[in-house]
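The values are calculated or read from the model by the stated rules, or taken from the named source; none is laboratory data. All values reported here derive from a predicted model rather than from experimental measurement. Here the Cβ positions follow ideal geometry from the backbone for every residue, glycine too, while neighbour counts run over all protein chains shown.
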Amino acid sequence: MQRLKARWLAEFPACLKACPDTNLTMPAKRTLFEKIWDAHLVAQPAERSPILYIDLHLVHEVTSPQAFDGLRAAGRKVRQPLRTVATVDHNIPTEPRGTPITDLIAAKQIAALQSNCKEFGVRLFDMDSPEQGIVHVIGPELGLTQPGMTIVCGDSHTSTHGAFGALAFGIGTSEVEHVLATQCLAQQKPKTMKIDVRGRLADGVTAKDLALGIIGQIGTDGATGHVVEYAGPAVRALSMEGRMTLCNMSIEAGARAGMVAPDETTIAYVKGRRFAPRDAEWGKAIAHWRSLPSDTGAAFDKVVEIDATQLCPFVTWGTNPGMVAPVTGRVPELRGLQDAERRAADLALQYMGLEPGRRIEDIGIDRVFIGSCTNSRIEDLRAAARVAKGHHVSANVRAMVVPGSQAVKRAAEQEGLHRIFQDAGFEWRESGCSMCLGMNPDILQPGERCASTSNRNFEGRQGRGGRTHLVSPGMAAAAAIAGHFTDIRNWKYQ
Amino acid sequence: MKPFTVHRGRVAPLDRVNVDTDQIIPKQFLKRIEKTGFGQFVFYDWRFGADGKKNPNFVLHEPRYEGASILIAGKNFGCGSSREHAVWALADFGFRAVIASSFADIFANNSTKNGFLTVQLTEDEVARLMQRAHEVENYQITIDLEQCEVRDDQGFRAKFPIDSFVRHCLLHGLDDIGLTLQHEAEIAAYEASHPAVERG
């Protein structure tokens, strides 16, 4: 996508530039990542991968049943049930709770998690629990997620928890079994990358746009093999929820993990949460967390600089999250693209039913999805509700809001956000992953075009033949009302 | 785990970049609670029409690529979701290895746990193999993990990089949980100084 990048970058010449790291390193100067890595090394056997201790293992119904089967087959136990927490999120319906699950295979998978948690003594926030929610929403809101931790989950968006200055990454089912059995992982040490975001984001430009802007620049494999640390004033200025959105999308740039150094914003967020340290432990914890930020002059394998002031609301036009355009821009021209890139862009446009040069604001939509581990937290819902207030969803659009957790849902209802959404014609649903990946009945029909606050616009992701455009919550709400994409910076708030 | 030493097999070319795991195994097939039986669903939306009928134009359905055990694809293969089902599906379909110029980290990691090899060659080498797979009838290559080498009968020969420990585990089919548990004393010592706290 080099040429495509160049094309929209040409509109923002000062926007993003990569530069080599010129820091001279002293061995004692360590990055945030290196401090956490070093503190969790259990063993470094010769000729083998280092063995890393895992502080928190989050489990859900889709990637765990085969891992529990593996434990049973080998006669192993869950080594640290206190460090293991499960919930159901991926395949559950977002109909009112208590509605029978009609998908029998999904019901079986949920039942398997319930019986596995019971058998192995793992805490489960089940369907009917007031704490249930998307695993990457409830970890932070319960205070399970804390700075300096190593956190894994059988889900690629585990990178979300890096917002707290934790080392958090997605794993496959074999590694889920490995962690259940040993509380450790054999890991090759990743490289480090700093993404330094200078300046401040303008009004209407969100953490989601920052994430899309970065992926548009470095590509969907731009950070492969690296742990990214996001730094700079624009990142410091983000709320914890904004940082979660940013770190969440790290995997879409191929990163092993994304992180933001803990600061007073982080500490204020964690304080008083259910699983957060208390009393004397709290003082010790915050002293430790304050020691975690990268040392001045610590070296990274790669450094990328971004000028936040040049970013704008983005909309994806293709079938990977790196295919982005400014909302005021156009679907890119493909002339001049070479071989594989041209073929990929061509296939993407065919799939998306778009032609080069189409104005983004002229693209009409059928569906809107506000939700997912990227953008389903209370601030996301507030941003969307602020746009929706006093307006009505376009007659041609079906729009749904799916809170990330039961706690988010309760908070939104206390603020009356659900009324704003319902009055505007949005559906207000129960918490879960929902249409982000369409494992439950919330899916797009073939050919339907959706403005989605989720993280992946892959072919078929939200339903076979469905066409996904990734945007921020405010942009999604505005598109629902206008019936097409529209620049949130010109929105008439009521 | 099934060891991987030297494998010779037919090559199927999948000439696309950024093949994501949603494509390799779509979400509707992730609800199974077994590790087996995913092969029938691999690349489902590409292999089958919306009506469930076989798409005869998809490369894996061309008779000349039938029985292929090596897939060759564009860069960033396996990006996206961490679903190990993608590896299970490819392996169950009959593949032993994928060759590409780059792989997503989690996919590559998952592969090593299943005796499935991700072979990283340069873009130029991948392009040459891709071309031969398109042009040569019954094109076969040998992937030699002992020598870390890919070769064919027409004189192609290229080395590929792989972590030495990962290679060791693949060559011998080692269970890495067992290997980690050899460090029980160190894990126990770490846990003694970092006890889990009951909260909530």
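Among the numbered conditions (1) away from chain B (no Cβ under 12 Å); (2) surrounded by 23 or more Cβ atoms within 10 Å (Cβ to Cβ); (3) of a type outside the set (A, V, I, L, M, F, W, C), the only one that A:E175 does not meet is (1). Applying the set (1) surrounded by fewer than 17 Cβ atoms within 10 Å (Cβ to Cβ); (2) within 11 Å of another protein chain (Cβ to nearest Cβ) to A:G98 leaves exactly one unmet item: (2). The conditions of being out of contact with any Gly (no Cβ under 9 Å at 6 or more places or on another chain), away from every other protein chain (no Cβ under 12 Å) and hydroxyl-bearing (S, T, Y) are met by B:Y139. B:H85 fails exactly one of the following numbered conditions: (1) out of contact with any Phe, Trp or Tyr (no Cβ under 6 Å at 6 or more places or on another chain); (2) buried (at least 19 other Cβ atoms within 10 Å of the Cβ); (3) within 12 Å of another protein chain (Cβ to nearest Cβ); (4) not small (G, A, S). What is the number of that condition? The single condition B:H85 does not satisfy is (1).
On the basis of being buried (at least 19 other Cβ atoms within 10 Å of the Cβ), more than 9 Å from chain A (Cβ to nearest Cβ) and within 28 Å of B:S81 (Cα to Cα), does B:L174 make the cut? Answer is no for this residue. Is one or more of the residues making up the stretch A:358-365 among the charged types (D, E, K, R), surrounded by fewer than 21 Cβ atoms within 10 Å (Cβ to Cβ) and in a strand (DSSP E or B)? For the stretch A:358-365, residues among the charged types (D, E, K, R), surrounded by fewer than 21 Cβ atoms within 10 Å (Cβ to Cβ) and in a strand (DSSP E or B): present. If you go through the stretch A:103-130 and keep only what is among the acidic types (D, E) and more than 9 Å from chain B (Cβ to nearest Cβ), you end up with A:E119, A:D126, A:D128.
Inside the stretch B:88-111, residues that are within 12 Å of chain A (Cβ to nearest Cβ) and out of contact with any Cys (no Cβ under 7 Å at 6 or more places or on another chain) make up a count of 12.
Could you tell me which of the residues A:A280, A:A340, A:A287, A:A344 is free of Cβ contacts under 8 Å to residues at least 24 places away in the same chain and closer than 26 Å to A:L470 by Cβ?
Criteria check complete, one pass: A:A340.
Strands (runs of 3 or more DSSP E) fully within the stretch B:105-200 that include at least 2 residues being under 26 Å from A:G170 (Cβ atoms): B:117-120. State which residue is surrounded by the most Cβ atoms within 10 Å (Cβ to Cβ) when the search covers only the stretch A:223-241 and only residues that are within 16 Å of A:V205 (Cβ to Cβ), of a type in the set (A, V, I, L, M, F, W, C) and more than 16 Å from the chain's Cα centre (by Cα). Result: A:A234. Residue check: is A:V228 within 14 Å of chain B (Cβ to nearest Cβ) and outside any helix (DSSP H, G or I)? So A:V228 fits the description; yes. Under the condition of being farther than 30 Å from B:L171 by Cβ and either in a loop (DSSP other than H, G, I, E, B) or touching a residue at least 40 places away in the same chain (Cβ under 8 Å) (or both), the residues counted in the stretch B:42-59 number 10. Could you check, for the stretch A:242-250, whether at least one of its residues is at pLDDT 95 or above and over 18 Å from the mean Cα position of the chain (by Cα)? So far as the stretch A:242-250 goes, no, none of its residues is at pLDDT 95 or above and over 18 Å from the mean Cα position of the chain (by Cα). Among the residues of the stretch B:92-112, those identified as surrounded by fewer than 22 Cβ atoms within 10 Å (Cβ to Cβ) and touching a residue at least 40 places away in the same chain (Cβ under 8 Å) are B:D92, B:F93, B:G94, B:R96.
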